[in-house]
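Colleague: Got a structure here, written out as structure tokens. Questions coming.
No lab work stands behind these numbers, since they all come straight from the coordinates. Not measured: the values here are computed from a predicted model. Cβ: placed from backbone, ideal geometry, glycine included. Neighbour counts: every protein chain shown.
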Amino acid sequence: MRRKVKNRNVAKPDYKYKSAIVGKLINYVMERGKKSVASDIVYRALDIVKTQAKREPTEVFEEAMRNTSPQMEVRSRRIGGANYQVPREVREERKAFLGMNWIVNAALAKKGKPMHIKLAEEIMAAAKKEGEAVRKRENVHKMAESNKAFAHFAW
């Protein structure tokens, strides 16, 4: 059995909303260490969310995270020469990682608009249980459900 990881790096809260989850989103949007560019994109996206949703943007983002974070996922396990997709419950840190990653990647996959607009659209869609990130979560849940017969292989 693995040992517990003791020294986890905790993302600092951002300076505008004082929210750790927004600080983490900035880190996921960041490319090549350009944090100021990433924070500008995220803050502009959250300003768009605030004007269009007429709610607190951190609330909308947290709701989007709840709607995109998976409860179960499948992990590949090799047993007796065959690979099985074994459903597993997802840890809290991994839920946050997958949810944010799917939102950011769905925004990156869209073409023809600036990143802050694409990110705002994806956050609002995820808060309404729509969009590509929510579809990804549903696909992962379907995979886990269809491979429930292999749950006894869980380690």
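Colleague: Of Q85, I103, P114, which is farthest along the charge dipole of the chain in the positive direction, counting Lys and Arg as +1 and Asp and Glu as -1 at C-beta?
Modeller: Among Q85, I103, P114, the one farthest towards the positive end of the dipole of the chain is Q85.
Colleague: Then there is this: If R₀ is 25 angstrom, what is the calculated FRET efficiency for the pair N139 and V10, using the beta carbon separation as r and rounding to 0.05? Display every interim value, and only then the final one.
Modeller: Details: r = 30 Å, r/R0 = 1.22.
After rounding to 0.05, the efficiency reads 0.25.
Colleague: What are the residues whose amide H is under 5 Å from the amide H of R88, where those residues sit 5 or more places off or on another chain and H is modelled from the backbone?
Modeller: E73, V74, R75
Colleague: Cut-off 10 angstrom, C-alpha nodes, Gaussian network model of the chain. Which of Y28, Y43, Y15 fluctuates the most?
Modeller: Y15
Colleague: Could you derive backbone 3J(HN,Hα) for segment 49-55 from the dihedral phi with the Karplus parameters 6.51, -1.76 and 1.60 (θ = phi - 60°), listing whole Hz in sequence and x where the residue is Gly or Pro?
Modeller: 4, 4, 6, 7, 8, 6, 9
Colleague: If you take Rg and Dmax of the Cα atoms in Å from the coordinates, which of (1) 17.4, 56; (2) 16.9, 60; (3) 33.5, 114 do you get?
Modeller: So the calculated entry is the one marked (1).
Colleague: Over the chain, what is the mean sequence separation of C-alpha contacts under 8 Å (at least six apart), divided by residue count, expressed as relative contact order in percent? Spell out each step's value before the answer.
Modeller: Working: 198 pairs, mean separation 37.5, N = 155.
It comes to 24 percent, rounded to a whole number.
Colleague: Now for a different question. Using only helices, what value at 222 nm comes out for the chain when you add -39,500 (n - 2.57) per DSSP H run of length 4 or more and divide by the total residues, to the nearest 500 deg cm²/dmol?
Modeller: Details: 6 runs with 87 residues, N = 155.
About -18000 deg cm²/dmol.
Colleague: Which of E31, E138, E130 moves most in a GNM of the chain, Cα contacts under 10 Å?
Modeller: Looking only at E31, E138, E130, the largest GNM fluctuation is found for E31.
Colleague: Oh, and also: From the backbone phi of segment 119-127, what are the Karplus-calculated ³J(HN,Hα) couplings (6.51 cos²θ - 1.76 cosθ + 1.60, θ = phi - 60°) in whole Hz, Gly and Pro given as x?
Modeller: Karplus values, whole Hz, x for Gly and Pro: 5, 4, 4, 5, 5, 5, 5, 5, 5.
Colleague: Can you give me the distance in nm between label points at K113 and S146, each placed 7 Å from the Cα along the Cα-to-Cβ direction?
Modeller: Result: 3.1 nm between the two label points.
Colleague: Starting from 0.36 nm per residue, how many nanometres of slack lie between N83 and R32 once their C-alpha separation is accounted for? Walk me through the numbers before you get to the answer.
Modeller: Values: separation 51, 0.36 × 51 = 18.36 nm, distance 3.61 nm.
Full-extension gain reported as 14.8 nm.
Colleague: Who wins for biggest fluctuation among I79, I26, I41 in a Gaussian network model of the chain, springs between alpha carbons below 10 Å?
Modeller: Among I79, I26, I41, the largest mean-square fluctuation in the Gaussian network model of the chain belongs to I79.
Colleague: While we're here: Return the loop-located trypsin sites (Lys or Arg not before Pro) in segment 64-155 (DSSP other than H, G, I, E, B) with at most 15 other Cβ atoms within 10 Å of their own Cβ; answer none if there are none. Each step should come with its number before you reach the end.
Modeller: On the way: sites: R66, R75, R77, R78, R88, R91, R94, K95, K110, K111, K118, K128, K129, R135, K136, R137, K142, K148; in loops: R91, K110, K111, K128, K129.
Sparse-neighbourhood loop trypsin sites (Lys or Arg not before Pro): R91, K110, K111, K128, K129.
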